[in-house]
Amino acid sequence: MKIRAITTRVVNAGMRNWIFVKVETDEPGLYGWGEATLEWKTRSVVGAIDDLAPLLIGRDPRDIEQAVRVLHKWGFWRIGVIGSTAISGIEMALWDILGKSLGVPVWRLLGGRMRDRVRIYTHLGLGEQKAVYESLDTGSLLERAQAVVERGYQALKVVCIPYTHYTATTRELAHVDRLMQGLRETVGDEVEIMVDFHGRCASAAAALQYIDVLAPYRPFFVEEPLQPADQAGLIHISQKTHVPLATGERLVDRWEFDALFHARAIAIAQPDLCHVGGFSEARKIAAAAETAGIGIAPHNPLGPLAGVAALHYDIATPNFVIQEEMTGAVPWYWTVLDSPIQVEDGHWLLPDRPGLGVEINEQVAAEHPFVQESFQTDRAFLPDGTVVDW
């Protein structure tokens, strides 16, 4: 069996362009699908896939570890997030081919079933962009949170930290306190709340100010309180609070997670299968995390194929905790696939089809061609004009 072609399909979903990757073999009707979505880098990732594809043409798609090493090592330059995302989409498709060729779901190949169902959480508006990122108003935040709970979710995440610089003001801290108090009262103690800082704090001191306010409301975890490069700052925060910390969506391999694991700086690691290189690297990250006593909550605000891949990974990962999803990002989210994930009681159920068990509806995909994604340039600055992280 040999790889004969690697191609992409770009599908616009509003804030994001989903990038689906198709790897075709020389066996009639045998191909695999993967996802390589990276926000605001769509054309770069598609170009990277085109650049990497010649390295694999003519190779056996079932030699997955070998293929990944070829893509990393024979390109000479360090791969970065764009290259790693390109590799992720290709690598997922290879697992899809392997599962189909053997007649078993991918989760069987990853070690088999560790659990009977997969716990999930979503965002306000089920992931609709405005609801997710414009959540600093108390009334709309509580209304949207109630709607999520009414849909059967037992956990939700909010992005309710103001755009911040090196310190937080008294007014900002009081506002976050009111938001969290109202949120906890609205959803009750049975629903877990995660707070995504989105890397908005420019200093560990500012992040700690907010975390101290959040602590009485018992967040399930606080996500990305600092930018990913400030690992020393995150370690400092972990030594000052008992609130569980999570990070990892912008880290691309196990070496970037290593210092955090070694320092036990986080409670939850959040690798994204679309960014770390696919299943192969994500499994190694999970194993390293388990050694350090750290749980896995994969990042995934991306397309439906990324969600399916995460489901297979979650089923077979011993230290899995909870899975992010944003199935309400667009109304037609599941129609681009022929086999949507089954949901019951705030959990995803186990799939049983071979491979990833899905097929892209290329007609629906073609109805949503590439569109330049919007940026947060109208919001991510302070009153004096200072540009900040969003």
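The values are calculated or read from the model by the stated rules, or taken from the named source; none is laboratory data. Remember, it's a predicted structure, so these values are computed and weren't measured experimentally. With ideal geometry, Cβ positions are generated from the backbone for all residues, glycine too; neighbour counts draw on all protein chains shown.
A few points about this structure:
- In segment 98-115, the residues that are free of Cβ contacts under 8 Å to residues at least 60 places away in the same chain reach residues that are crowded, with 17+ Cβ neighbours inside 10 Å and outside any loop (DSSP other than H, G, I, E, B) with C-beta atoms within less than 7 angstrom, at least six apart or across chains, in these pairs: LEU109/TRP95; LEU109/LEU98; LEU109/GLY99.
- Any hit, segment 280-295, residues being in contact with a His (Cβ under 9 Å, 6 or more places away or on another chain) and either under 18 Å from ILE87 (Cα atoms) or crowded, with 24+ Cβ neighbours inside 10 Å (or both): no
- If only residues of segment 113-135 that are at pLDDT 90 or above and outside any strand (DSSP E or B) are counted, the one that is surrounded by the fewest Cβ atoms within 10 Å (Cβ to Cβ) is ASP116.
- Count of segment 132-143 residues which are closer than 14 Å to LEU183 by Cβ and either in contact (Cβ under 8 Å) with a residue 60 or more places away in the chain or not acidic (Asp, Glu) (or both): 7
- Matching residues in segment 337-357 - criterion: being at pLDDT 95 or above and hydrophobic (A, V, I, L, M, F, W, C): TRP348, LEU349, LEU350, LEU356
- Residue ranges of strands (runs of 3 or more DSSP E) in segment 136-224 with at least 2 members under 17 Å from ALA246 (Cα atoms) and acidic (Asp, Glu): 192-196
- Of all residues making up segment 53-111, the number that are of a type in the set (Lys, Arg), touching a strand residue (DSSP E or B) at 6+ places or on another chain (Cβ under 8 Å) and under 27 Å from ASN319 (Cα atoms): 1
- Residue pairs meeting the criteria (Cβ under 7 Å; at least 6 apart or on separate chains; first closer than 15 Å to ASN361 by Cβ, in segment 296-311; second aromatic (Phe, Trp, Tyr)): GLY303/TRP18; PRO304/TYR333; PRO304/TRP334; LEU305/PHE20; LEU305/TRP33
Let's see how each residue does on (1) modelled with pLDDT under 95; (2) not β-branched (Val, Ile, Thr):
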residue: SER280; (1), (2): no, yes
residue: ILE285; (1), (2): no, no
residue: PRO301; (1), (2): yes, yes
residue: ALA306; (1), (2): no, yes
residue: PRO318; (1), (2): no, yes
residue: ILE322; (1), (2): no, no
residue: MET326; (1), (2): yes, yes
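- Residues of segment 144-156 classified as closer than 18 Å to LEU214 by Cα, in contact with a helix residue (DSSP H, G or I) (Cβ under 8 Å, 6 or more places away or on another chain) and in contact (Cβ under 8 Å) with a residue 40 or more places away in the chain, total: 1
- Just one of the listed residues (VAL106, VAL159, VAL187, VAL176) is under 30 Å from ALA93 (Cβ atoms) and buried (at least 17 other Cβ atoms within 10 Å of the Cβ), namely VAL106.
- Just one residue in the set LYS157, LYS130 is in contact with a strand residue (DSSP E or B) (Cβ under 7 Å, 6 or more places away or on another chain) and of a type in the set (Lys, Arg); that residue is LYS157.
- Filter result (among the charged types (D, E, K, R) and closer than 16 Å to VAL371 by Cα) within segment 27-50: GLU39, LYS41, ARG43
- Filter result (out of contact with any Leu (no Cβ under 6 Å at 6 or more places or on another chain) and either farther than 24 Å from LEU214 by Cβ or in a helix (DSSP H, G or I) (or both)) within segment 239-262: VAL252, ASP253, ARG254, TRP255, GLU256, ASP258, ALA259, LEU260, PHE261, HIS262
- Of the residues contained in segment 170-192, one or more are found to be under 24 Å from the mean Cα position of the chain (by Cα) and either small (Gly, Ala, Ser) or under 27 Å from TYR313 (Cβ atoms) (or both).
- Check on GLY307, outside any loop (DSSP other than H, G, I, E, B) and either at negative phi or of a type in the set (Ser, Thr, Tyr) (or both): yes
- Odd one out for SER280, checked against (1) within 22 Å of PHE220 (Cα to Cα); (2) in contact with a Phe, Trp or Tyr (Cβ under 9 Å, 6 or more places away or on another chain): (1)
- Residue in segment 191-204 that is surrounded by fewer than 19 Cβ atoms within 10 Å (Cβ to Cβ), assigned by TED's automatic domain parsing to the domain that holds LEU136 and of a type in the set (Lys, Arg) present: no
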